[in-house]
Amino acid sequence: MTTATADEGDGRVAARPAYARLLSFPAIGALIGAIAVFVLFMAVAPPFRAIDNSGTILYQASTIGMMAVPVALLMIGGEFDLSAGVAVTTAALAASMIAWQWSLNVWVGVLLSLVLALGIGWFNGWLLQRTKLPSFLVTLGTFFILQGCNLAVTKLVAGGVTSPRITDIDGYDSAAAVFASDISIGGLHLEITLLFWLVLTVVAAVALTRLRIGNWILASGGDEASARAVGVPAARTKTGLFMFVGFCAWLLGMHTLFNFDAVQTNMGIGNEFIYIIAAVVGGCLLTGGYGSVAGASLGALIYGMTNLGITYAGWNPDWLKTFLGVMLVGATLINTFVRRQAAKR
Amino acid sequence: MSTAARRPTDGPDGGTSVTETVIRLEDVGKSYGNVRALHGINLDVRQGEVTCVLGDNGAGKSTLIKIMAGLHDYTEGRMLVHGQVTHFGSPRQALDAGIATVYQDLALAPLMSVWRNFFLGKELHGPLGMLRVAQMKQIADSELRKMGIVIPDLDRPVGALSGGQRQCVAIARAIYFGAKVIILDEPTAALGVKQSGVVLKYIVKARDAGLGVVFITHNPHHAFLVGNRFVVLKLGEVSLEAKRDHITLEQLTGEMAGGDELTALEHELRDLHP
Ligand SMILES: Nc1ncnc2c1ncn2[C@@H]1O[C@H](COP(=O)(O)OP(=O)(O)O)[C@@H](O)[C@H]1O
Ligand SMILES: [Mg+2]
């Protein structure tokens, strides 16, 4: 009764093989996938190798990645946000029309739009707690509400399906410098969204793995009842995650607005699924409690490379969505397999 | 932060107060509407002792621990905690009074690592919520080792541990964070012989560390291996209460199986198959 070895002695739990430790990184599948896609298009698509096209690919990846990061955190926290795509457009439309309608400095519109975007996130979280419905359903509602508002309000204010041009409004130049600047380094053209994407990735990855809030996110998604039982504020954690999605939607919305100076009301519809695909390819479990921010960003990179690589390779781009669908199912299968290997004793 | 957590082995009371009564139930009863689930329960939970609560399905075991754990309030009699009449309004209040409950579903997140689960909700952190990862791993490791559980890789997800180890992690956590009484709801029910042994050893260690243990079980053999006192519930009432010295395993098993009823059943079966 007094020996200190409870389970050690049976020899089955000793050391995990090195490959199992490697496989236990959730992003490992996405890393392998990104390398594979890169090698594929380097081989078959000559324009893929051109340096100026790298800038285009990175821009594509960054506009997906900026949203894939918060969507991944939310999924790890156990919830979905189907309104993430249209919320970007809502933020952009709100900023431009508030400033235009009341002839305000554009920064006023930008800040009120931030309040609105955070409010949408908060509303999603609140509705989830109040109704106890699955977030898939709750945010499907928000998705339709926002989609309708985007169209109806824009028609009321601007009389069409495009937001008014804002280039003449006070504060435009400084706002454009903040949200839509770019630099060229030796033929490589980089948009500021690349910086936003990298910063968001690093901040979110550190938060998830090294901060207390990360522990709470993992636990809220992994087993909400248990998390509550040991004092984790699961409801507040989830609402915070929805608001983080709102913040990122605002940031991307502002970039879109000041990059193109006007916004179409139907933009962003369908992107919510691309964010989710990037997160899942990156190793997030649909059931929550497991995943990786870096993986989601790699998922966004895979999307960017594929999207343009298909064109550069001269293939018919009509097949893009088909390819994405295959990739989603494939990645999910690989991730499930990898997770079983990692958990093996 | 770590000073706030009491370790069982260096607790202030040492060995002097091991028989102190932490929870005393006096004629406690509980009705759910017009279902009388418990009636006239007298029970002492003392530090340094294992109190076993046995009973068939529906006997009222879960109701009894839910009263002590703060999930339900009692409707008759009174409950004294540290000598004070107490009604818990929530599990949180019971925890604050040093009563921790490990339910069968364990309150562990299966995909999170062992050390993250160990400190869940009570993370050690620096400025900006920066986790003290190395310190937490080291504490989790030494706390588990102290109680005889060696998990070579604390980064392993809890879901990959054996059932017995999982139980032990949940119990070790409750002890480290200052529990004086731990209530275990059928911790060996889903386990095989060997894993049950792991948990039973652990119960003894917790007892020897000066904790009061309430051990709910179906299994008189398990109870008799570790128990200091036994309470058998039947239809919401105490049908047997005994100290270890005053009872044998046969008596306990007989009481559990419902002695007379078993004899009657035996006769019935014999009539069916002459
Ligand atoms: N929430 C409840 N509402 C109504 N009756 C209940 C409730 N919980 C338990 N009971 C009843 O109380 C009795 C004791 O149940 P319980 O304490 O769960 O027994 P045990 O854990 O020993 O199997 C049973 O008859 C059960 O049906
Ligand atoms: Mg029960």
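Every number here is computed from the coordinates shown, using simple stated rules; none is lab data. Since the model is a prediction, treat every value here as computed from it, not as a measurement. So basically every Cβ, Gly included, is an ideal-geometry build from the backbone, and we count neighbours across all protein chains shown.
Would a scan of segment B:136-154 turn up a residue that is surrounded by 23 or more Cβ atoms within 10 Å (Cβ to Cβ) and outside any loop (DSSP other than H, G, I, E, B)?
Yes: segment B:136-154 contains one or more residues that are surrounded by 23 or more Cβ atoms within 10 Å (Cβ to Cβ) and outside any loop (DSSP other than H, G, I, E, B).
Considering only residues that are more than 13 Å from the chain's Cα centre (by Cα) and within 14 Å of ligand 1 (Cβ to nearest atom), look in segment B:44-64 and name the one that is surrounded by the fewest Cβ atoms within 10 Å (Cβ to Cβ).
If we take residues in segment B:44-64 being more than 13 Å from the chain's Cα centre (by Cα) and within 14 Å of ligand 1 (Cβ to nearest atom), then B:Asn57 is surrounded by the fewest Cβ atoms within 10 Å (Cβ to Cβ).
For segment A:16-31, indicate whether the set of residues that are buried (at least 24 other Cβ atoms within 10 Å of the Cβ) and in a helix (DSSP H, G or I) is non-empty.
Yes, the conditions are met somewhere in segment A:16-31.
Name the one entry in B:Ala170, B:Ala140 that is of a type in the set (Gly, Ala, Ser), within 11 Å of chain A (Cβ to nearest Cβ) and under 27 Å from B:Pro91 (Cα atoms).
Sole residue among the options that is of a type in the set (Gly, Ala, Ser), within 11 Å of chain A (Cβ to nearest Cβ) and under 27 Å from B:Pro91 (Cα atoms): B:Ala170.
Please work out if B:Ala223 is in a helix (DSSP H, G or I), under 16 Å from the mean Cα position of the chain (by Cα), within 16 Å of ligand 1 (Cβ to nearest atom) and surrounded by 14 or more Cβ atoms within 10 Å (Cβ to Cβ).
For B:Ala223, the condition - in a helix (DSSP H, G or I), under 16 Å from the mean Cα position of the chain (by Cα), within 16 Å of ligand 1 (Cβ to nearest atom) and surrounded by 14 or more Cβ atoms within 10 Å (Cβ to Cβ) - is met.
Within 16 Å of ligand 1 (Cβ to nearest atom) and assigned to a strand (DSSP E or B): does that describe B:Ile216?
yes
Could you check how many residues of segment B:70-114 are within 12 Å of ligand 1 (Cβ to nearest atom) and buried (at least 16 other Cβ atoms within 10 Å of the Cβ)?
Adding up the residues that qualify gives 3.
Surrounded by fewer than 20 Cβ atoms within 10 Å (Cβ to Cβ), in a loop (DSSP other than H, G, I, E, B) and among the polar types (S, T, N, Q): which single residue out of A:Asn266, A:Asn259 fits that description?
It is A:Asn266.
For segment A:226-235: of the residues being more than 8 Å from chain B (Cβ to nearest Cβ) and assigned to a helix (DSSP H, G or I), which is surrounded by the most Cβ atoms within 10 Å (Cβ to Cβ)?
A:Ala234
Among the residues that make up segment A:201-219, is at least one of them among the β-branched types (Val, Ile, Thr), assigned to a loop (DSSP other than H, G, I, E, B) and in contact with a Gly (Cβ under 6 Å, 6 or more places away or on another chain)?
No, because not a single residue in segment A:201-219 is among the β-branched types (Val, Ile, Thr), assigned to a loop (DSSP other than H, G, I, E, B) and in contact with a Gly (Cβ under 6 Å, 6 or more places away or on another chain).
Consider A:Val161 carefully, then state whether it is β-branched (Val, Ile, Thr), touching a strand residue (DSSP E or B) at 6+ places or on another chain (Cβ under 7 Å) and either within 14 Å of chain B (Cβ to nearest Cβ) or over 27 Å from A:Gln129 (Cβ atoms) (or both).
yes
Looking at A:Leu151, A:Leu118, A:Leu156 in this structure, which one is more than 19 Å from the chain's Cα centre (by Cα) and touching a residue at least 24 places away in the same chain (Cβ under 8 Å)?
A:Leu151
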